[in-house]
1. Packing-wise, with mean Cβ within 10 Å as the measure, how do 17-30, 245-258 rank, highest first?
2. Pull up the cross-link candidates among the aspartates and glutamates for Lys430, meaning alpha carbon to alpha carbon under 12 Å and not fewer than 8 places away within one chain.
3. Work out from phi, with θ = phi - 60° and the Karplus expression 6.51 cos²θ - 1.76 cosθ + 1.60, the ³J(HN,Hα) of each residue of segment 248-259, listed in order in whole Hz, and give x for Gly and Pro.
4. I'd like to compare 45-53, 308-316, 440-448: which one has the highest average count of other Cβ atoms within 10 Å, and what's the full order after that?
5. Whole-Hz ³J(HN,Hα) for each residue in segment 132-149, computed from phi via Karplus 6.51 cos²θ - 1.76 cosθ + 1.60 with θ = phi - 60°, x for glycine and proline: what do you get?
6. Can you classify segment 147-298 as rounded, prolate or oblate using the Cα gyration tensor, where a ≥ b ≥ c are the square roots of its eigenvalues, rounded means a/c under 1.5, and otherwise it's prolate if a/b beats b/c and oblate if not?
7. Quick one: what Rg and Dmax do you get for the chain from the alpha carbons, in Å?
8. Compute the long axis of helix 323-357 from its Cα atoms, compare it with the longest principal axis of the Cα atoms of the chain, and write down the angle in degrees, 0 to 90, nearest 10.
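Every number here is computed from the coordinates shown, using simple stated rules; none is lab data. Since the model is a prediction, treat every value here as computed from it, not as a measurement. Cβ placement follows ideal geometry from the backbone for every residue including glycine, while neighbour counts extend to all protein chains displayed.
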Amino acid sequence: MAGTGVETEQAGWSSRWAFILAAVGAAVGLGNIWRFPTLAGENGGGAFVLFYILCVIFLGLPLVLSEIVIGRHGRKDAAGSVAKVAQDSGVSTNWAILGGIGIIAAFCILSTYSIIAGWVIYYAGVMGADFFGALFSGDPFASALAGEAPEAIGGRMDSLFANVPLLIVMHTLFMGVTIWIVARGVLSGIEKAATYLMPAFFVLLITITAYGAFTGEFARAVSFLFTPDFSRLTPPIMNQALGQALFSMSLSSAALITYGAYVSRETRLPPVAGMIGLADTGVAIVAGLMIFPIVFAAGLDPAAGATLIFRSLPLAFNAMPAGALIGFLFFVLIFFAALTSSISLLEAVTAWAMRRFAWSRHRAALVAGGAIYAVGALCALSLNVLSDVRLLSFWPSFAEADIMNALDGVVGTILLPVAALLTAIFIGWKADRNLVVAETGLEGGLFALWRFLIAWLCPLAVTLILLFGLFPGLLGS
Ligand code: PHE
């Protein structure tokens, strides 16, 4: 693990598989199981899903490879790694700004992420108590929340939102565990967590999807997700799909560059990038196929929005055989996925703080985590006491957004696409060609294809999507 001894390297992953698990863990998260079904549901399914997949293949995959390349060459935090690549390419180290934007994005994402992960913990607790209660009274196949009326189940979300101490306790728990793991380090913290949590995640995912396929309206879910209605595909929705693709693949937010810095020089990167993209997109689609059959079987509205899996799904678990058990497993699954992602977000900020202030890992994780925790607490309050605060009231697209939605919206539709644009220009045009060829290990036609996507298609497509997404009026109405 000490590397070749030529450089004083930071700790690295113990193996190629460890890196893949950690990176897939970073990619697979609330983005796949909560945000993707929410957006697909709100935006009418098929056409959104199709455009999302196009973004993944043509923009996301080439960017995943680019970010890991930057990290592995730079062997530092995101800003430091970009600066190193810039330096070795003889261009301005100001390009480090793209790493900086990513670190800011990671900071913002984690502060909202932790609140939603807190809801997950709460529901895992409720469903778990219900399941174990039923189990001990001899009824392991009970439905969830059996004694409760549907209104009471739906109303749980409102009571949770109104309960400041409870929201803060959940937020504290989630950030606490995240900080603890990141503070333990790359090998005994991050890698270890991923090697336990990710396999468990996949087992749960398959179990629940199979359950939904047999008991729910699978065919309807398939047609909802895959029959495109192109009239629904407006530029703002395309912008959301792009933002979601970047978010879901952990792009533009310093995480992959940072994890790339711990990859051994021997690892061939293109297959790894492909695996990350495939796993991430696969899980998003499977999550859709896990959630929508249950939603349709229970006659719920797929366009329910951010509360879909929290307000709506428990109603379904209430009506299903073994609903208590499945509901409990479902929220445990999301918790595992969220944790491996939050770890990567905090690591991205922590690695930067360690270099920038020459802090120890413990200190950096604690301070960075603490700052994120404070902003997160504001987001929690935006669900209740601060629900009327409109930070971006001057901005039509976000005029109605509360603190948490404003943060989420700005990051998803602006910060991530901008960082992606800069990354593509930097790698496609500024970075030294030999350096890039050597790091990617791509040759011939494959290199030409990748370089075309990153140097031409990404900048062009991202610019257009950003422009028309933010100013749909430009297209005339
Ligand atoms: N990709 C994660 C998810 O889908 C979120 C994430 C974004 C993690 C950016 C790291 C960096 O939930």
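1. Values: 17-30: 24.8, 245-258: 30.4.
Per-residue Cβ counts within 10 Å, averaged per peptide and sorted highest first, yield 245-258, 17-30.
2. Within reach: Asp88.
3. Using θ = phi - 60°, the values come out as 5, 8, 6, 8, 6, 9, 6, 5, 6, 4, 5, 5 Hz.
4. Working: 45-53: 21.3, 308-316: 23.4, 440-448: 13.2.
Result, highest mean Cβ count within 10 Å first: 308-316, 45-53, 440-448.
5. Using θ = phi - 60°, the values come out as 5, x, 5, 4, 6, 8, x, 10, x, 9, 4, 7, 6, 6, 4, x, 9, 6 Hz.
6. Details: a/c = 1.71, a/b = 1.21, b/c = 1.41.
Oblate, since a/c reaches 1.5 and b/c is not below a/b.
7. Cα only, the chain: 21.8, 70 Å (Rg, Dmax).
8. Taking Cα atoms only, the helix is inclined about 30 degrees.
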